[in-house]
Ligand code: ATP
Ligand code: MG
């Protein structure tokens, strides 16, 4: 048997502890913000029947055509690792009767799988945080979702964020537009870039977000989606934009904005940033009124967005420096067996009071133990050696502030460390 080290699967990343600290901060902020708006978490399985995705995302989309991790299981059922979670939320909503005479404000966070070419910001296992509002026709709830997102980016301190928004109109109007667009693009077939030519027969709407400047110039001569909206579509869209204006949310209408999944109807939007390089969109969403019915439920209107966690955490990390990260509150250094006999119970007393204590397991000289405390970015060392044992006082050495060490009796330690909580070590 080979003893070669095994590596992870291409495009599927480990998140090491420093990264997990940042992920947790972002996840915590998400939980706080969704709570403010009354959204509740839903957790669905990572594996679903393949049909769920082929019926919802659309047969002609990149995801269903070439990106899904699909396999036949031992019962010969075709299963797929979920490439997104909206279809699963809708399935669960229908299956458990959550949409029957009631509406649902839901959110989720978890891994998704797409067999794409791995690159910065694009992975084969990635994570999405998403919002789904099932049961409201909008546009009030569409505005609510966009405002929620905006608040979240603000809370995370993200800068240079841009919201682009468009309306795809009702399915009937969109179909009329699509037909005219196809006829127009066919007449200019030879001038299109190669991937747009391929999309022409299968999914012409996707040509709108072609990165090719030649194709973009041609589109300028073609039909304009905005002029296909009827009064009802337009009223819905205007009302959404008014909501955003009243709340001070800045937006840019982009009539070429479309989304990669077939189920969108009405308003669609995307948040972009210049700080992520080529993968500049980090969150996208919109309205998908037909989806619940398409998946076998009642005609329930729905809207939501999906946000790429890797891109969001990257944006968040760009605003922070590693020096801002702090380690344990207390690093306990015990020199010798008698010190350990006192130190371990003392550590438990501090933990009982909610103070984070890391014991320096494994011994070593005081210098070595202090170095380890420092490497781990601990805030304080508590030192128990011969002198401390004799005086029944513990040495408390600040590790991040450059202040003098002090010594104190056990009964003062808890209050001392709790009082330190009010200090902002991130600026030291
Ligand atoms: P993109 O244009 O970047 O391929 P998309 O249109 O496929 O994105 P959605 O399917 O709407 O995106 O997913 C919403 C968000 O999920 C994206 O904005 C992005 O942040 C994230 N995302 C999508 N695919 C990946 C991936 N392969 N790796 C990392 N994040 C992804
Ligand atoms: Mg994609």
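Let me have the 222 nm mean residue ellipticity of the chain computed from DSSP H runs of 4+ only, each contributing -39500 (n - 2.57), with the sum over all residues rounded to the nearest 500.
Numbers: 14 runs with 160 residues, N = 428.
Calculated mean residue ellipticity at 222 nm is -11500 deg cm²/dmol.
Quote the Stokes-Einstein diffusion coefficient, in whole µm² s⁻¹, for the stretch 81-176, based on the Kirkwood radius over alpha carbon pairs, a temperature of 4 °C and a viscosity of 1.567 mPa s. If you can, show how the numbers build up before the last one.
On the way: Rh = 16.1 Å.
Taking Rh from Cα pairs, D becomes 80 µm²/s.
For the stretch 5-79, what class follows from the C-alpha gyration tensor (a ≥ b ≥ c being the square roots of its eigenvalues): rounded when a/c is under 1.5, otherwise prolate if a/b is larger than b/c, else oblate? All intermediate terms of the calculation are to be shown ahead of the outcome.
Working: a/c = 2.33, a/b = 1.36, b/c = 1.72.
Because a/c hits 1.5 or more and a/b fails to exceed b/c, the stretch 5-79 counts as oblate.
Each of 144, 51 has some number of other Cβ atoms within 10 Å of its Cβ, and from fewest to most they run 51, 144. Note on the stretch 307-376: the alpha carbon radius of gyration divided by the globular reference 2.2 N^0.38 Å gives 1.53. Taking the Cα atoms of the stretch 35-92, the ratio Rg/Rh between the radius of gyration and the Kirkwood radius comes to 1.06. By the count of neighbouring beta-carbon atoms within 10 Å, fewest first, 387, 164 end up ordered 387, 164. Helix 337-352: angle to the longest alpha-carbon principal axis of the chain, degrees 0 to 90, nearest 10? Once rounded, one gets 40 degrees. Our summary gives the chain a relative contact order of 15 percent, counting only alpha carbon pairs under 8 angstrom and 6 or more residues apart.
Across all Cα pairs in the chain, the calculated P(r) in 10 Å bins from zero up to the longest distance comes to 4, 18, 23, 20, 14, 11, 7, 3, 1, 0 percent per bin. For the chain, the longest principal axis of the Cα atoms and the long axis of helix 17-36 meet at an angle of about 60 degrees. Treating each Cα of the stretch 330-427 as an identical point scatterer and summing with the Debye formula, the log10 of I(q)/I(0) at q = 0.12, 0.16, 0.25 Å⁻¹ comes to -0.34, -0.62, -1.62.
Computed from Cα atoms, the angle from the helix 231-246 axis to the main principal axis of the chain rounds to 30 degrees.
Starting with the fewest neighbours, write out 16, 134 ranked by other beta-carbon atoms found within 10 Å of each beta-carbon.
Values: 16 8, 134 26.
Going from least to most buried by this count: 16, 134.
Percent relative contact order of the stretch 246-337, based on C-alpha pairs within less than 8 angstrom and at least six residues apart? Before the final figure, lay out each step's value.
Values: 91 pairs, mean separation 17.1, N = 92.
Computed value for the stretch 246-337: 19 percent relative contact order.
For the stretch 330-427, the relative contact order works out to 28 percent when only alpha carbon pairs closer than 8 Å and six or more residues apart are counted.
None of the figures in this text is laboratory data; all of them are computed from the coordinates on show. Keep in mind that this is a model prediction, so the values were computed, not measured. All Cβ positions, even for glycine, are placed from backbone atoms using ideal geometry, and neighbour counts span all protein chains on display.
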